[in-house]
Amino acid sequence: MSQIRGRFNKSADKSVQEYTQSIDFDFRLGAVDILASIAHAKMLAKQGIISRKEMKQIVGGLESIAEEIEQDKFDFKPELEDIHMNIEARLIEKIGDVGRKLHTARSRNDQVATDMRLFLMGAILITISAIRELENAIIEIAGKHLNTVIPGYTHLQRAQPVLLAHHLLAYFEMLERDINRFWDCMDRTSILPLGSGALAGVAYQIDREFVAKELGFDEVSQNSIDAVSDRDFILEYEFAAALCMMHLSRLSEEVILWSSAEFDFIELDDAFTTGSSIMPQKKNPDVAELARGKTGRVYGNLVALLTTMKGLPLAYNRDMQEDKEGLFDSIGTLLSTLDVFTGMLKSLHVKTDKTESVAKQGYMLATDIADYLAKKGEPFRSAHEKTGKLVRYAIEKDKALNQLTIKEYQKFSSLFDKDVYNITVASSIAARDHIGGTAKSQVAKQIARAEEILKDYYAEESKG
Ligand code: ARG
């Protein structure tokens, strides 16, 4: 068997073979294709569609092909188009005509959909575990910086002092949402399409639930036409990956800014930076820049497949073969980014003296002064206005707020008293003492909660 050419008088033109082949990238489906075929063969035997003896030969053949693939001994042939035909042809080569029975009650359309789902189910688990590793790194650094104060920003202008741990834990929250999205994607990926045939179902008494159980799918698909046409699960992964990359890209941007001389908040470990070919003094944050850059291609993969799918009539169309490279690329890009990020974060050094001194500058306690007046009875809007005037006055006098005399304060409101000097960076942070606030005790609770989440995850993991 070389190609499916029964109906034709000629073999396909070389250019067509080259254009249509997918083995160059779908070779990655080899292991899952074999798993699915083994489950299919077992089902065929259980249902009396093939004999037990035939099933055993087929399963034995498939297992030895799996070994060949694993040991890099399998010869992938482009003229055999795709991974499915490559494996089937090798099976027939190995066990003879009985191998031709494997494709009973099956089409490549339900086969490829099954393979993609099985492959993605594995990839989702690996993705979640890589995100957990990064979360771990974030918690670790946050734990070390429960006393480190940095300026918090809005509009990239210094806004209010916050704990560095609090800032970093914002990324933990994003990553938690990412993980939930991947689990959610799992729910809709773990549905078995096999048994849908080309599109209408198959004319055999098959047992789809048996196959689902063998392969670890949660359920079986309910409409054969949808089952072979659906690539939503791939799009969902690509969207979840795009969003996760967006989060990493925002963190990248902060790493890049913070390691610049202008900010000078952090220093990246030498192992996670690169030099310049011309400027000997340079230490560039290329990892973060590339993560920011690669976010673009992960978005691109999502938009490419959305576009591919939008005009397709039901059911299978060959256009859908284009689902693969983008997905593989998004998975690979996300995993490598998560991995290198974990190392980069764990090894970076925070210049706490610098962050501390900057956190004291720039009138970042103005909100606390307005709050001070509001707590003494001034309506907040007018307290805000009076404090605004006070800040303008201080800027004109080139003084920090705590350098103003009480007389100067009182020019702006008679409510000011000596206790206004109790407003400090530390008091500002300590005052935000509620769920989600930056007070140390609250941030410690965030860390404890995050640690608990990770502990539960790893406990589940070790149970298998
Ligand atoms: N290589 C094909 C794909 O990835 C497999 C399905 C082929 N089905 C077909 N009817 N030609 O989509």
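One residue stands out among those in the range 158-191 that are β-branched (Val, Ile, Thr) and not in a strand (DSSP E or B): the one that is nearest to Ile139 (Cα to Cα), which is Ile179.
If you filter the range 257-286 down to residues that are assigned to a loop (DSSP other than H, G, I, E, B) and of a type in the set (S, T, N, Q), you find that the one that is modelled with the lowest pLDDT is Ser276.
Of the helices (runs of 4 or more DSSP H) entirely within the range 322-394, those holding at least 3 residues that are hydroxyl-bearing (Ser, Thr, Tyr), within 30 Å of Gly30 (Cα to Cα) and under 17 Å from the mean Cα position of the chain (by Cα) occupy 323-347. Need pairs with beta-carbon distance below 8 Å; first residue within 17 Å of Ala36 (Cβ to Cβ) and within the range 66-82, second part of a loop (DSSP other than H, G, I, E, B) and within 16 Å of the ligand (Cβ to nearest atom); sequence gap 6+ or separate chains. Partner pairs satisfying both residue conditions: Asp82/Gln21; Asp82/Ser22. Once the range 250-294 is narrowed to residues that are under 21 Å from Tyr153 (Cα atoms) and polar (S, T, N, Q), the residue that is surrounded by the fewest Cβ atoms within 10 Å (Cβ to Cβ) is Ser260. Of all the numbered requirements in (1) within 16 Å of the ligand (Cβ to nearest atom); (2) under 20 Å from Ile266 (Cβ atoms); (3) of a type outside the set (D, E, K, R), His167 misses one, and that requirement is (1).
In the range 19-35, the residue that is nearest to Leu80 (Cα to Cα) out of those that are away from the ligand (no atom under 12 Å from the Cβ) and touching a helix residue (DSSP H, G or I) at 6+ places or on another chain (Cβ under 7 Å) is Gly30.
Are any of the residues in the range 437-457 on the phi > 0 side of the Ramachandran plot and touching a helix residue (DSSP H, G or I) at 6+ places or on another chain (Cβ under 9 Å)? Within the range 437-457, none of the residues are on the phi > 0 side of the Ramachandran plot and touching a helix residue (DSSP H, G or I) at 6+ places or on another chain (Cβ under 9 Å). Checking the structure you have, find out if any residue of the range 5-15 is closer than 28 Å to Gly195 by Cβ, of a type in the set (D, E, K, R) and either within 16 Å of the ligand (Cβ to nearest atom) or in contact (Cβ under 8 Å) with a residue 60 or more places away in the chain (or both). Taking every residue of the range 5-15 in turn, at least one turns out to be closer than 28 Å to Gly195 by Cβ, of a type in the set (D, E, K, R) and either within 16 Å of the ligand (Cβ to nearest atom) or in contact (Cβ under 8 Å) with a residue 60 or more places away in the chain (or both). Taking the criterion of being of a type in the set (Ser, Thr, Tyr) and either out of contact with any helix residue (DSSP H, G or I) (no Cβ under 9 Å at 6 or more places or on another chain) or within 16 Å of the ligand (Cβ to nearest atom) (or both), the residues of the range 286-328 that qualify are Thr307, Thr308, Tyr316.
The values are calculated or read from the model by the stated rules, or taken from the named source; none is laboratory data. Because the structure is a prediction, the values reported are computed rather than measured. Don't worry about glycine lacking a Cβ; one is built from the backbone with ideal geometry, like all the others, and counts go over all protein chains shown.
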